[in-house]
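For reference, the structure discussed in these notes is given below.
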Amino acid sequence: MTGHIRRNTQLGLSMWQSERISQAQAWSHVWLQGLRFDAVLMGMVWAVPAAFTPWMALNRFTRRAWSALLRLYGGVMLLLVAFMELSTPAFIAQYDSRPNYLFVEYLGYVKEVGGTLVKDCWPHLLAAAVLLPALAWAYARLSRPTAQAVRTLRLWQALPLSLLLFAALALCARGALGHRPANPASAAVTTDHLVNELPLSSLYTVGYAIYQSRKAEEGGITYADMPEARVIDIVRRESGLPPGAFTDPGSPLRHLQTSTQPRERPLNLVIVLEESLGAEFVGRLGGLPLTPNLDRLADHGIWFDRLYATGTRSVRGIEAVVAGFPPTSAVSTVKLAKSQRDFFTLASFLKPHGYTSTFFYGGESHFDNMRSYFMGNGFDRVVEQKDMPASAFIATWGASDGDLFEVAHQQFSKQPADKPFFALVFSSSNHAPFEFPEGGFDLHEKPRNTVNNAVKYADHALGQFFDKARRSAYWDNTLFLVVADHNSRVYGPSVIPIERFHIPGLILGGAVKSPERIRTVASQIDLAPTLISMMGLSGEIPLAGRDLSDPAQRARPGRAIMQFDKIQAYMEGSQVAVLQPDSAPRLMTYLDGELKDATQPPPDLVEKAQAHARYAQWAYQKQWHR
């Protein structure tokens with residue numbers, strides 16, 4: 001029955017994604033690999049129970065008890081497979097992949113995720129509520145034991161039968177006769193990551209993701225083994241700094257950064273981290289006309305034309321923007337144990353300079369462990385949903401952006417002029433199920449609760465905030481950064497959809513006198529050193545990012561590092577090295593929004609990519625990011 005469910009759901013998913021399968025010319029691949037991974041799942045589920053079954057049949061009592069237990073176990077596994085397959089369409093619609101570790105990780109946030117599911121995915125919940133009980137009833141009837149005589153086995157029969165069953169099913173679970181067992185990379189034969197995942201079962205992909213997550217505390221997947229000295233040498237060289245700048249063997253990238261714009265009174269810093277604001281929503285980046293206020297503000301600041309997020313989650317954006325930390329395949333350092341204290345952040349750097357640091361968030365700050373991470377790494381206080389006024393519009397993910405910005409503006413206005421401050425303001429209105437207050441701007445489309453309307457509201461709230469900030473006493477002494485944490489949905493037929501990592505970035509404020517456009521490729525990890533320098537501060541930092549306020553750094557070929565589940569891409573200009581577990585690196589070219597295999601790639605690009613991936617692992621493991 002499990003096989004029938006898998007075949008039917010795979011047929012449905014294949015029909016849904018038929019255009020992408022046809023483009024990849026992968027129909028035979030999807031079905032043949034689907035049969036292979038059905039056998040893998042069957043072997044994993046049944047190898048051990050099958051091996052015990054002959055031994056349980058040595059007498060009538062144990063055989064009856066074992067049969068009842070197998071019937072229960074089979075029913076549970078059947079419902080698990082069915083539940084995961086029923087969950088898959090909604091997960092693909094949001095994340096363009098089969099369920100992965102994110103599916104498990106989000107189970108810890110019942111309020112936010114539960115509210116989103118009820119409002120956005122109610123048809124899927126209704127289908128599960130009807131179909132799963134019906135399936136359980138059908139299984140109970142069809143698996144009901146018959147009134148046949150109970151036969152037992154002899155010892156000489158049980159031993160070879162047990163070995164035969166275990167060997168056959170273990171081979172199925174292994175899925176290969178070669179040196180390595182089958183894994184998701186075995187099905188990765190096209191450049192479309194979703195097509196590669198269609199043959200797999202969602203129970204398998206989640207189980208494999210949980211298995212892989214054991215590497216989180218080691219910094220994630222190791223794409224290549226490299227000598228430590230070689231890794232450090234490459235990452236130092238790519239920082240653009242002279243070898244003599246690095247003087248601390250306990251922190252290989254620690255160096256003295258001297259401000260390009262020294263000031264007698266360093267500037268305040270306000271980072272507005274915009275939820276899920278990809279380039280396709282930003283008119284100035286060639287997207288939909290949903291951000292007139294951001295587009296207008298860009299004329300008065302330093303605008304990044306080719307800025308790329310490091311990942312697809314808010315916590316990944318936080319670690320890149322606030323801590324300048326490059327990505328790994330592990331969960332973000334915001335959630336890992338060794339980075340909860342004494343980890344470098346902008347707040348920890350600014351504290352010795354007399355700054356007070358505050359995290360402003362419209363939701364509940366314990367989400368994704370943010371409060372613990374911030375308070376352990378230099379922040380002085382957190383302002384969250386419970387601190388919002390009674391009149392605030394409270395949605396599933398917290399107070400609206402307009403209410404959040406108003407609270408932040410009031411706090412900034414009360415700051416003493418001689419006391420510098422740092423604030424991270426993290427918006428949430430542009431998050432499914434896309435709830436926001438009535439009035440103040442024209443909707444882009446109907447119905448009301450869509451991502452495009454939510455983006456337009458978020459931009460409206462941003463514009464109101466900056467209109468007030470411009471008239472405030474703190475404007476002239478404050479540097480502002482507006483940047484997205486990641487895109488709304490990261491999807492597409494490429495092995496890694498680079499176009500969905502493209503995000504807006506803007507630095508502005510009273511001290512920014514000359515508007516500029518930075519056209520080189522840049523990464524979120526470049527923002528922290530750039531901000532420190534523009535604030536007028538100098539000091540020792542352990543960052544791999546580049547100070548893009550320095551003309552010499554800006555003149556170099558830019559680079560960006562992007563993590564997409566288990567895949568990491570290192571892009572330098574238009575050349576891309578793609579790293580995947582259990583697969584050889586791929587050298588590709590990204591031009592006009594398309595990622596293609598390269599014809600003449602730089603010979604050292606793969607080594608640069610592998611070195612940066614390995615460095616990030618060690619920087620966490622060995623606590624170099626201090």
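The values are calculated or read from the model by the stated rules, or taken from the named source; none is laboratory data. Just so you know, these numbers come straight off a predicted model, no measurement behind them. When we count neighbours, we look across all protein chains shown, and the Cβ atoms used for this are built from the backbone with ideal geometry, even at glycine.
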(message) Consider region 13-31. How many of its residues are surrounded by fewer than 13 Cβ atoms within 10 Å (Cβ to Cβ) and more than 14 Å from P493 (Cβ to Cβ)?
(response) 2
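Name the residue, out of A522, A473, A458, that is at pLDDT 95 or above, surrounded by fewer than 18 Cβ atoms within 10 Å (Cβ to Cβ) and not aromatic (F, W, Y).
The unique qualifying residue is A473.
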(request) Take A584 and decide whether it is surrounded by 15 or more Cβ atoms within 10 Å (Cβ to Cβ), out of contact with any Asp or Glu (no Cβ under 6 Å at 6 or more places or on another chain) and either within 27 Å of S186 (Cα to Cα) or free of Cβ contacts under 8 Å to residues at least 60 places away in the same chain (or both). (result) no
(request) Would you check if there is a residue in region 218-231 being closer than 30 Å to A173 by Cβ and touching a strand residue (DSSP E or B) at 6+ places or on another chain (Cβ under 8 Å)? (result) yes
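When you look at T589, is it assigned by TED's automatic domain parsing to the domain that holds L285 and in contact with an Asp or Glu (Cβ under 9 Å, 6 or more places away or on another chain), yes or no?
Details: assigned by TED's automatic domain parsing to the domain that holds L285: no; in contact with an Asp or Glu (Cβ under 9 Å, 6 or more places away or on another chain): yes.
No: the conditions fail for T589.
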(message) Please pick out the residue among L177, L241, L165 that is assigned by TED's automatic domain parsing to the domain that holds S97 and at pLDDT 85 or above.
(response) L165
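Conditions tested, residue by residue: (1) surrounded by 24 or more Cβ atoms within 10 Å (Cβ to Cβ); (2) modelled with pLDDT under 95; (3) closer than 19 Å to L424 by Cα.
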{"residue": "P504", "(1), (2), (3)": "yes, no, yes"}
{"residue": "L508", "(1), (2), (3)": "no, no, yes"}
{"residue": "S514", "(1), (2), (3)": "no, yes, no"}
{"residue": "D526", "(1), (2), (3)": "yes, no, yes"}
{"residue": "S533", "(1), (2), (3)": "no, no, yes"}
{"residue": "L537", "(1), (2), (3)": "no, no, yes"}
{"residue": "P542", "(1), (2), (3)": "no, no, no"}
{"residue": "R546", "(1), (2), (3)": "yes, no, no"}
(request) Report the residue count in region 59-108 for those that are among the polar types (S, T, N, Q), crowded, with 19+ Cβ neighbours inside 10 Å and outside any helix (DSSP H, G or I). (result) 2
(request) Considering only region 440-459, state which residues are in a helix (DSSP H, G or I) and farther than 13 Å from L277 by Cβ. (result) N453
(message) Against the conditions (1) surrounded by fewer than 18 Cβ atoms within 10 Å (Cβ to Cβ); (2) in contact (Cβ under 8 Å) with a residue 24 or more places away in the chain; (3) in a helix (DSSP H, G or I); (4) not aromatic (F, W, Y), where does P437 fall short? Just the number, please.
(response) (3)
(message) What's the total number of residues in region 399-424 that are of a type in the set (A, V, I, L, M, F, W, C), surrounded by fewer than 21 Cβ atoms within 10 Å (Cβ to Cβ) and farther than 17 Å from Y355 by Cβ?
(response) 1
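Conditions (1) of a type in the set (A, V, I, L, M, F, W, C); (2) over 11 Å from P504 (Cβ atoms); (3) out of contact with any Gly (no Cβ under 6 Å at 6 or more places or on another chain); (4) surrounded by 22 or more Cβ atoms within 10 Å (Cβ to Cβ), marked per residue:
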position: G283; (1), (2), (3), (4): no, no, yes, no
position: D295; (1), (2), (3), (4): no, no, no, no
position: F343; (1), (2), (3), (4): yes, yes, yes, yes
position: F349; (1), (2), (3), (4): yes, yes, yes, yes
position: F367; (1), (2), (3), (4): yes, yes, yes, no
(request) Scan region 491-525 residue by residue and report those that are under 18 Å from the mean Cα position of the chain (by Cα) and at positive phi. (result) G492
(request) Identify all residues within region 413-430 that are in contact with a Ser or Thr (Cβ under 6 Å, 6 or more places away or on another chain) and in a loop (DSSP other than H, G, I, E, B); write none if there are none. (result) S429, N430
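Yes or no: P184 at pLDDT 85 or above and under 26 Å from R586 (Cα atoms)? Walk me through it before giving the result.
Values: at pLDDT 85 or above: no; under 26 Å from R586 (Cα atoms): yes.
Criteria not met by P184.
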(request) Go through (1) among the acidic types (D, E); (2) within 30 Å of G12 (Cβ to Cβ); (3) not assigned by TED's automatic domain parsing to the domain that holds D550 and name the single condition D233 misses. (result) (2)
(request) Six or more apart or on different chains, Cβ under 8 Å: which pairs go from a residue in region 64-82 that's under 15 Å from R144 (Cα atoms) to one that's of a type in the set (G, A, S)? Could you list them? (result) W66/A57; R71/S143; G74/S143; G75/A136; G75/A140; G75/S143
(request) Any chance you could count how many residues in region 509-549 are under 18 Å from R306 (Cβ atoms), out of contact with any strand residue (DSSP E or B) (no Cβ under 6 Å at 6 or more places or on another chain) and part of a strand (DSSP E or B)? (result) 1
(message) Is it the case, given these coordinates, that Y373 is in the same structural domain as L277 (by TED's automatic domain parsing), in contact with a helix residue (DSSP H, G or I) (Cβ under 8 Å, 6 or more places away or on another chain), under 17 Å from L277 (Cα atoms) and without any contact (Cβ under 8 Å) to a residue 60 or more places away in the chain?
(response) no
(message) With the structure loaded, tell me whether F359 is at pLDDT below 95, at negative phi and either outside the structural domain of Q524 (by TED's automatic domain parsing) or within 24 Å of the chain's Cα centre (by Cα) (or both) or whether it fails that test.
(response) no
(message) Please determine whether any residue of region 358-368 is touching a Lys or Arg at 6+ places or on another chain (Cβ under 7 Å) and touching a residue at least 40 places away in the same chain (Cβ under 8 Å).
(response) yes
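Determine whether region 460-481 contains at least one residue that is closer than 17 Å to R306 by Cα and of a type outside the set (A, V, I, L, M, F, W, C).
Looking through region 460-481, none of the residues is closer than 17 Å to R306 by Cα and of a type outside the set (A, V, I, L, M, F, W, C).
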(request) Please tell me if R306 is surrounded by 24 or more Cβ atoms within 10 Å (Cβ to Cβ), among the basic types (K, R) and touching a strand residue (DSSP E or B) at 6+ places or on another chain (Cβ under 9 Å). (result) no
(message) For the structure I just gave you, tell me whether D380 is touching a residue at least 60 places away in the same chain (Cβ under 8 Å) and of a type in the set (D, E, K, R).
(response) no
(message) Residue under question is L41, and the condition is that it be aliphatic (A, V, I, L, M), under 20 Å from L169 (Cβ atoms) and either touching a Ser or Thr at 6+ places or on another chain (Cβ under 7 Å) or loosely packed, with under 13 Cβ neighbours inside 10 Å (or both); does it hold?
(response) yes
